[in-house]
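Trainee: Right, I'll just put the structure down here and ask away after.
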Amino acid sequence: MVECVLCKHEVIGSSPIISNKILLNYKKHKSLMYSLTENIIYYTILIPLLGSIYLLTIPSWNHQLLKITALKITLVTFILSLFMWVLFDNSTSKFQFVDEILWLPSFNLNLTVGIDGISLFLIILTTLLIPLCLLASWNGIKIYVKEYLISFLVMEAFLIGVFCVLDLLIFYVFFESVLIPMYLIIGIWGSRERKIRASYFFFLYTLLGSVLMLLGIIYIYDQIGTTDYETLLSISLTNTEQKYLWLAFFASFATKVPMMPMHIWLPEAHVEAPTAGSVILAGVLLKLGTYGFIRYSLPLFPEASIYFTPLVYAMGAVAVIYASLTSIRQTDLKRIIAYTSVAHMNLVVIGLFSFNIIGLEGALLQSLSHGFVASALFLIIGVIYDRHHTRMVKYYGGLVHIMPLFSAIFLIFTMANIALPGTSSFVGELLILAGIFKTNTTITVLGATGMVLGGAYSLWLFNRIIYGNLKIQYLYNFYDIEKREFYIFLPLLLGTLIMGVYPEIFLDPIHISINNLVDQIKPII
């Protein structure tokens, strides 16, 4: 009895012909696995791009086919990203699945991709949230459905490119390209009259900040002759060069986070964007700033990063407290969650500049946790907005009487938003504060104040919406969440609880990469 190792086909006898077939079958399977492993990043980027082109061939009036096709494309992309996790080697700090396409070889500019523990989960978070966004807008988008779906598929490809590209110039291209589909999503499918103004706010604020980064990249290319990331890691810039370049990159990344006073665009964009737009904006786009800090600012300009740490701490601490206090006095549901996002993401930035393993790992975990929790809170707001077509807090009350399952889900994510033990945010914020405590106790106290204020705005919001008397003079669609809506919340619930109970599965791939980053900075400290 002979059995093929990969395809498990049993063959009687051991004739040379049969043995050759088994060998050919084995080589075929091995070749396919090698191709998948080596090119998995390109497949993950190309599938949404090619899928968006395929959607162009489907008639615009066939909304159901368009939605189903787009959903299948995003699910395939998500499964591929999970394969990255399965095939990822936790024992090395080197970039994995590295591949290179010669773009302008004569100018030493090439498209190089690869991932490490820092970028792995951000890619998975992106590929998870995109299909959830499509499900969330399944019945809500009535106009230009094809263009809407294409915008999300193109944006997914650009976001994956941001997190895996290993060339500074190509990173900038992907980094800025994300603005285009998001600008269209806010400006065309926004919910109110000020959507055009909000889309311009979003586009201009983030673009103007990035112009300085482009100038910095041009300077690096002029001095070194390449923008390859791994080559730049081995180059030492002067102290003065690092400071100017750090400020140029900071202008772009701080606007994306956003840090104060560059945060003005975020509440406007959230309020005017459709539910799915708010989800991807809070869940992934805000992570572009923190990812830029940890991937480029810290390792490429370590001396400048240490020099400007007091500035970052001051801006971050003020933003945490200011955004939390501002959130308490808001009356629009989306605006409340938008300001909480500002507070949480600025705490992440503080953790990144702790320059120790605990703080950096906590910052990454908190980024992922915020992707789960903030996305779920915007989806929760979308559920009640679809029923009652208002986001003003004063019109809601007593929803526990008519929407018990919705109330239970809202409670879980409210507890996660205030970092209750057992949820993902608790682990992230605990590690951030523990890391900062080793560096600056004053900033630790100010950051912890944000947790206290977080309990105030989160619980007060939950109490006003869920408890009290049902305001039947305003509300009229009395039904709990549907099956589709439950399936949207389920992966976010699982991610929030699993990370809170057993964070080690997330920390294992991250640890070696963070340890390597800290080793690069330690000699300077």
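Trainee: Starting from residues that are among the aliphatic types (A, V, I, L, M) and buried (at least 20 other Cβ atoms within 10 Å of the Cβ), keep the ones in the stretch 125-140 and report whichever is nearest to Glu485 (Cα to Cα).
Mentor: If we take residues in the stretch 125-140 being among the aliphatic types (A, V, I, L, M) and buried (at least 20 other Cβ atoms within 10 Å of the Cβ), then Ala136 is nearest to Glu485 (Cα to Cα).
Trainee: Same structure again: Residues that are farther than 23 Å from Val312 by Cβ and touching a residue at least 40 places away in the same chain (Cβ under 8 Å): list the helices (runs of 4 or more DSSP H) wholly contained in the stretch 194-258 that include at least 1 such residues.
Mentor: 195-224, 229-233
Trainee: Return the pairs, sorted by first residue and then second, in which the second residue is among the β-branched types (Val, Ile, Thr) and assigned to a helix (DSSP H, G or I), the first residue lies in the stretch 293-322 and is open to solvent by 20 Å² or more (accessible area, probe 1.4 Å), the beta carbons are less than 7 Å apart, and the residues are 6+ apart or on different chains.
Mentor: Note: pairs meeting the criteria are Ile321/Thr449.
Trainee: Within the stretch 103-115, is there a residue that is under 30 Å from Leu168 (Cβ atoms), in contact with an Asp or Glu (Cβ under 9 Å, 6 or more places away or on another chain) and of a type in the set (Val, Ile, Thr)?
Mentor: The answer is yes; a qualifying residue exists.
Trainee: Tally time: how many residues in the stretch 236-265 are of a type in the set (A, V, I, L, M) and in contact with a helix residue (DSSP H, G or I) (Cβ under 6 Å, 6 or more places away or on another chain)?
Mentor: Selection size over the stretch 236-265: 7.
Trainee: From Asn108, Asn90, which residue is closer than 29 Å to Thr226 by Cβ and surrounded by fewer than 17 Cβ atoms within 10 Å (Cβ to Cβ)?
Mentor: Criteria check complete, one pass: Asn108.
Trainee: Still on this structure: Quick check on my filter: what residues within the stretch 374-421 are free of Cβ contacts under 8 Å to residues at least 40 places away in the same chain, surrounded by fewer than 20 Cβ atoms within 10 Å (Cβ to Cβ) and on the phi > 0 side of the Ramachandran plot?
Mentor: His389
Trainee: Any chance the stretch 463-485 includes a residue that's surrounded by 16 or more Cβ atoms within 10 Å (Cβ to Cβ), closer than 27 Å to Tyr313 by Cα, at pLDDT 90 or above and not hydrophobic (A, V, I, L, M, F, W, C)?
Mentor: For the stretch 463-485, residues surrounded by 16 or more Cβ atoms within 10 Å (Cβ to Cβ), closer than 27 Å to Tyr313 by Cα, at pLDDT 90 or above and not hydrophobic (A, V, I, L, M, F, W, C): absent.
Trainee: Considering each of Ile358, Ile432 in turn, give the residue that is buried (at least 24 other Cβ atoms within 10 Å of the Cβ) and not small (Gly, Ala, Ser).
Mentor: That would be Ile432, the only listed residue that is buried (at least 24 other Cβ atoms within 10 Å of the Cβ) and not small (Gly, Ala, Ser).
Trainee: Does at least one position in the stretch 444-455 carry a residue that is assigned to a loop (DSSP other than H, G, I, E, B) and farther than 26 Å from Ile124 by Cβ?
Mentor: No; the residues of the stretch 444-455 include none that is assigned to a loop (DSSP other than H, G, I, E, B) and farther than 26 Å from Ile124 by Cβ.
Trainee: Looking at Trp189, Trp265 in this structure, which one is open to solvent by 10 Å² or more (accessible area, probe 1.4 Å), in contact (Cβ under 8 Å) with a residue 12 or more places away in the chain and more than 26 Å from Leu102 (Cα to Cα)?
Mentor: Only one candidate passes the filter, namely Trp189.
The values are calculated or read from the model by the stated rules, or taken from the named source; none is laboratory data. Just so we're clear, the structure is a prediction, and the values are computed from it rather than from any experiment. Positions of Cβ are backbone-derived with ideal geometry, glycine not excepted, and every protein chain shown enters the neighbour counts. Keep in mind that these areas ignore ligands, DNA and RNA; they rest on the heavy atoms of the full protein, side chains included. Shrake-Rupley method; radii C 1.70, N 1.55, O 1.52, S 1.80 Å.
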